[in-house]
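Student: This is the structure I want to talk about, given as structure tokens.
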Amino acid sequence: MQTSVRIDKWLWAVRLFKSRSLATDACNAGHVKVAGKNVKPSRDVRAGEEISVLAGHIRRSVKVIALPAQRVGAKFVGQFLEDLTPAEEYARARNQASHAPLHFPKGFGRPTKKQRRQLEGFF
């Protein structure tokens, strides 16, 4: 069993990020904190540490329980981390996502009927 693993690899292995490069970018951007301090992607993480991660619009707080040898399936993530994120954070993110209006700017993709008429008059 491993005693420590790189934090970017751990974040990817427990599915907090879709790819390891996204986890590395988050570390470099200052979105990952251990004990309130920004960390580099190469920092080793050990069992028992608490990590705060800004993933998307959610600030997630997790406690490291164990270190996986490789990326784990979604069913087994609970064996490697304890989610300490408050329920209000999930509710806020859910409300924020549901109230965001869909906006499709004009001029992208297929022309509208009005734009087609204008093009016909142009040619």
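Student: Can you tell me which residues in segment 72-91 are surrounded by 13 or more Cβ atoms within 10 Å (Cβ to Cβ) and out of contact with any strand residue (DSSP E or B) (no Cβ under 8 Å at 6 or more places or on another chain)?
Tutor: The answer is V72, V77.
Student: Here is a further query. Please find, within segment 10-25, the residue that is surrounded by the most Cβ atoms within 10 Å (Cβ to Cβ) out of those that are free of Cβ contacts under 8 Å to residues at least 40 places away in the same chain and not basic (K, R).
Tutor: A23
Student: Pull up segment 80-123, narrow it to residues that are under 30 Å from A47 (Cβ atoms) and of a type in the set (A, V, I, L, M, F, W, C), then point me to the one that is modelled with the lowest pLDDT.
Tutor: Pass one, segment 80-123, residues under 30 Å from A47 (Cβ atoms): 80-93.
With of a type in the set (A, V, I, L, M, F, W, C) added as a condition, the list becomes 80-81, 84, 87, 91, 93.
Numbers: F80: 95, L81: 94, L84: 93, A87: 88, A91: 86, A93: 80.
It comes out as A93.
Student: List the pairs whose first member sits in segment 80-93 and is at negative phi, whose second member is at pLDDT below 90 and not in a helix (DSSP H, G or I), and whose Cβ atoms are under 9 Å apart, counting only residues at least 6 apart or on separate chains?
Tutor: Between residues of segment 80-93 that are at negative phi and residues that are at pLDDT below 90 and not in a helix (DSSP H, G or I), the close pairs are T85/I58; E89/I58; Y90/I58; R92/H57; R92/I58; A93/G56; A93/H57; A93/I58.
The values are calculated or read from the model by the stated rules, or taken from the named source; none is laboratory data. Everything numeric in this text was worked out from a predicted model, so none of it was measured. In this analysis, Cβ positions are derived from the backbone assuming ideal geometry, glycine residues included, and neighbour counts consider all displayed protein chains.
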